[in-house]
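What follows is one structure encoded as structure tokens, with my remarks underneath.
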Amino acid sequence: MRRYVLPGLVVCAAVALLALLAFGVSQQGNDTSIDAAVARGHRPQAPKANLALPVLGSQSATKSLADMRGKVVVMNVFASWCDPCKAEAPVLEEAQRELARRGGTILGVTYLDNSNDSESFVRQEHITYPVIRDVNGNLVRAFGSTGVPETFVIDRQGRIAALRRYQLDDAWLKRTLPRVLGEGS
């Protein structure tokens with residue numbers, strides 16, 4: 001009887017591994033993530049567009065992506081302690097001036113940061129665009145974000161037209177924004 005125990009365990013483990021492999025293969029298919037959709041040229045709706053979040057520095061004001069429907073929105077997820085976020089702040093502020101003239105805006109979203117530090121960051125970096133606080137991370141996680149900085153370009157219909165999961169630069173914005181701003185203006 002003992003001589004069958006070890007081979008029986010090996011067979012059970014092999015069957016379990018094959019079942020797990022079969023399950024994994026069966027669950028593969030089209031990647032439906034935001035990143036994959038945008039890479040295929042699709043524009044998924046921005047998630048949680050109606051989620052109203054507190055405006056940084058205000059006791060009662062809130063803002064949501066739905067409030068900005070009809071505008072091109074460059075949503076930038078940042079934190080005051082993030083060095084790449086500091087590096088891209090002047091690029092975003094310059095883009096804000098152009099966007100404001102063409103029916104768009106930057107929307108800053110603080111993530112994993114406290115309000116006082118975020119407010120200091122906004123003052124030090126001379127940020128003039130609206131900034132909201134994602135206190136519990138629901139908006140940011142809905143976009144699949146796991147860190148900072150991340151940037152999403154949202155078209156006038158509230159769909160994600162482009163994204164950047166790391167520090168952006170002026171060249172990326174200059175390639176991306178004209179195409180989205182030129183639509184439906």
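Since every read-out is calculated from the coordinates, none of them should be taken as a lab result. Everything numeric in this text was worked out from a predicted model, so none of it was measured. Reconstructed Cβ throughout: ideal geometry from the backbone, glycine too, with neighbour counts over all protein chains shown.
Calculate how many DSSP beta bridges within region 34-181 are antiparallel, expressed in % of all such bridges and rounded to the nearest 5.
On the way: 13 of 23 bridges.
Expressed as a percentage, antiparallel bridges in region 34-181 total about 55.
What does the charge dipole of region 34-181 about its Cα centre add up to, to the nearest 20 debye, if the Cβ of each Lys and Arg holds +1 and the Cβ of each Asp and Glu holds -1? Could the numbers behind the result be given before it?
Values: 20 positive and 16 negative charges, 159 e Å.
Charge dipole of region 34-181: 760 debye, to the nearest 20.
Suppose each label sits 7 Å from its Cα in the direction of the beta carbon; what would the Ala87-Asp67 distance come out to in nanometres?
Result for the modelled spin labels: 3.2 nm.
Can you give the net charge of the other residues whose Cβ lies under 11 Å from the Cβ of Ala142, counting K and R as +1 and D and E as -1? Show your work: numbers first, answer last.
Working: positive: Lys48, Arg141; negative: Asp134.
Spelling it out: positives minus negatives among the neighbours equals +1.
Mind pulling up the Rg/Rh value for region 46-106? Radius of gyration and Kirkwood radius, both on Cα. Before the final figure, lay out the partial values.
On the way: Rg = 12.8 Å, Rh = 13.0 Å.
Result for region 46-106 is an Rg/Rh of 0.99.
For Ala161, which sequence-distant residues (separation of 5 or more, or a different chain) have an amide H within less than 5 Å of its own amide H, given hydrogens modelled in the peptide plane?
Under 5 Å from the amide H of Ala161: Val153, Ile154, Asp155.
Would you mind computing, in nm to one decimal, how far apart the modelled labels at Ala39 and Ser58 are, each placed 7 Å from Cα along Cα→Cβ?
3.7
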